[in-house]
Amino acid sequence: MVDGSRKDRTGPVVLALGPGTEGAELLAQGSALALSSERGLACVTVDDGGVLSPEAQERLLEFHELARAEGASVARVSGVDRVQALKAYAEAQDAPLLVLGCPGGLARRSAAMRLMESRRGFSVVAVSPPGRGRSRRDERSRLRMGGSASSYFAALLMVAAVTLVGLALASYAGYWSAAILYLAAISLGALRLEPGPVLFSALVSAFAWDYLFIPPRFAMTISRPEDAFMLGLYLVVSLSSGLMTSRLRASERLLRGEEARLSRVDALAISLAGASSLHSILDRGLSALRDELDCKATALLKGGDGALKTEPESGWEALDSSARSAADRSFREGIPAGRFTRVESASEWRFAALESQKERLGVIGVRLAHEADWDESAEACLNTYASIIAIALSRELAGG
C-alpha cells in the first residue's frame, strides 16, 4: 500500500522466499504478478539467526536455483525482526509489491498481518500454502468427518456385498478370510468416501464379522481370547488404513484444486494485461473473483474530487449506509474493513483497497453468503485479486 509520500515505484516485485514447502507456489504467484505488471522479480530470504535443518537448507537452495532459472534475482539479508527486514529490503528496491507466504494463516501477529497493518509504500500479497487455497466451492471440499446420506448408504451396501461373499467362502477359507475381505473393501472404499462413511463401514464390518463369522456365530460373544484380540486388532487396522487412505485422497483433491487456482490467477493476469478499457478490466477481474470465492463482488473507484464515487463501477445496486461507510474507511486508511473485520463490522460487505504504484485507486468489495465463513485463504485470495486488478487499472489510466 502507499504511504504518505506516494512516490512512483519503479523497482521489481519482491518475493519473500523461505525454506517452507509453500516456496514453489510463492514463486508461481510472484512470477505471475511480475509478468502482469511488466516488472522483474527479486527474491529475498531473511536470515534471522535461526538454525535450519539440512532438509530445510536443501529446500531453500532448490528454491533459489529455481528462481534464478526463471530470471529472478536472489538475495539474503539479516534481521532478527523478519517484518522490518522485509520492509527495509522492499523500500531499498523501490518495490511496488511484496509477496510472502502465510503458512500459519493470518494470525494477529503473523508477519503477513503485521505487514498489512503497518504503514508502508508498497502493496502486500499474502499467499496461502498448498491445501489452504480457496478455489471454487466444488473444488474447495475440506476434510471432515461427516458425509452425505448417499455416502453412508454406499458404505452399508459395500459391507453387505462383502458379507455375502465372505459367507460364501467361509466354509472353504474359514472365518478369518472375511476380515481380509472387509479390510480390502474399506481401503478401496476410502478412495471415494469421506472419513465419516469410512468410520461407519469399519464399525459395521467389525460387528458383522463378530456376529456372523466368529464362533459362536449369531451371538455377540467371543469364546476364545485370540479371537477377541484379533477383532480388536482388526478394528484398529481398518480404522487406521481407511482414514489414512481417505486423508491422502482428500489431500490430492486439495492439491489439484490449488493448482487449478494458480492457473486461474495466471490466466487472469494475462487477460487483464490485454484489456483495453477500465470497464473491461473490472468486468474480467470481478467476474473471476466472484467465481473464485462464490460471492458477489463490486468495485468503487476514486472520483475527480479525490473521494470514492457514489455508484459502484460493477453495476450492482447502490451500497447501503453500513457498506458505504466500510468502503470509505477502507479507501481512506488502506485497511480491510467491513464484515469479518474489526472496522465497520456491521456491513455485509468486506472491502480491500485497490493500490497502484502511485496512488490508491479505490476499493474492491465482496459479499459472501450469510452461512459462509472467512479464513486466511479467502483473505489471501481477495488481496491477490485486488493487487492484480489495481496494477491493470493503473496501467490503463497511465496509458489513457
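Looking at this structure, is S251 surrounded by fewer than 16 Cβ atoms within 10 Å (Cβ to Cβ), within 19 Å of the chain's Cα centre (by Cα), small (G, A, S) and in a helix (DSSP H, G or I)?
Judged against the criteria, S251 is a match.
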**Prompt:** Hey, which of the strands (runs of 3 or more DSSP E) in the range 279-367, taking only ones fully inside, have at least 3 residues that are touching a Leu at 6+ places or on another chain (Cβ under 6 Å), of a type in the set (A, V, I, L, M, F, W, C) and under 28 Å from S37 (Cβ atoms)?
**Reply:** 296-301, 360-367
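Inside the range 6-101, counting only strands (runs of 3 or more DSSP E) that do not spill past its ends, which hold 3 or more residues that are at pLDDT 85 or above?
13-16, 41-47, 73-78
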**Asked** Pick from the range 27-72 the residues that are among the polar types (S, T, N, Q) and surrounded by 12 or more Cβ atoms within 10 Å (Cβ to Cβ): which of them is farthest from the chain's Cα centre (by Cα)?
**Response** Q57
**Asked** Can you find even one residue in the range 270-278 that is buried (at least 16 other Cβ atoms within 10 Å of the Cβ) and under 17 Å from C381 (Cα atoms)?
**Response** yes
**Request:** Tell me, yes or no, whether the range 184-203 has at least one residue that is part of a helix (DSSP H, G or I), within 26 Å of the chain's Cα centre (by Cα), modelled with pLDDT under 85 and loosely packed, with under 13 Cβ neighbours inside 10 Å.
**Result:** no
**Message:** L268 - would you say it is modelled with pLDDT under 90 and among the hydrophobic types (A, V, I, L, M, F, W, C)?
**Reply:** yes
**Fill in**
From the option list S246, S263, single residue qualifying as among the small types (G, A, S), within 30 Å of A352 (Cα to Cα) and either in contact with an Asp or Glu (Cβ under 9 Å, 6 or more places away or on another chain) or surrounded by fewer than 18 Cβ atoms within 10 Å (Cβ to Cβ) (or both) is S263
**Candidates R136, R144, R132, filtered to the one that is modelled with pLDDT under 65, basic (K, R) and over 13 Å from the mean Cα position of the chain (by Cα)** = R144
**Prompt:** What single numbered condition from (1) surrounded by 24 or more Cβ atoms within 10 Å (Cβ to Cβ); (2) under 18 Å from I281 (Cα atoms) fails to hold for R360?
**Reply:** (1)
**Prompt:** On the given criteria, is R329 of a type in the set (K, R), over 23 Å from the mean Cα position of the chain (by Cα) and surrounded by fewer than 24 Cβ atoms within 10 Å (Cβ to Cβ)?
**Reply:** yes
**Asked** Of S347, S387, which residue is over 28 Å from S271 (Cα atoms), in contact with a strand residue (DSSP E or B) (Cβ under 6 Å, 6 or more places away or on another chain), of a type in the set (S, T, Y) and buried (at least 24 other Cβ atoms within 10 Å of the Cβ)?
**Response** S347
**Complete:** Checked pairs for the range 83-95, first more than 18 Å from D48 (Cβ to Cβ), second among the small types (G, A, S) and crowded, with 21+ Cβ neighbours inside 10 Å, C-beta under 8 Å and 6 or more apart or across chains, list as Q93/A42; A95/A42
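The values are calculated or read from the model by the stated rules, or taken from the named source; none is laboratory data. Because the structure is a prediction, the values reported are computed rather than measured. When we count neighbours, we look across all protein chains shown, and the Cβ atoms used for this are built from the backbone with ideal geometry, even at glycine.
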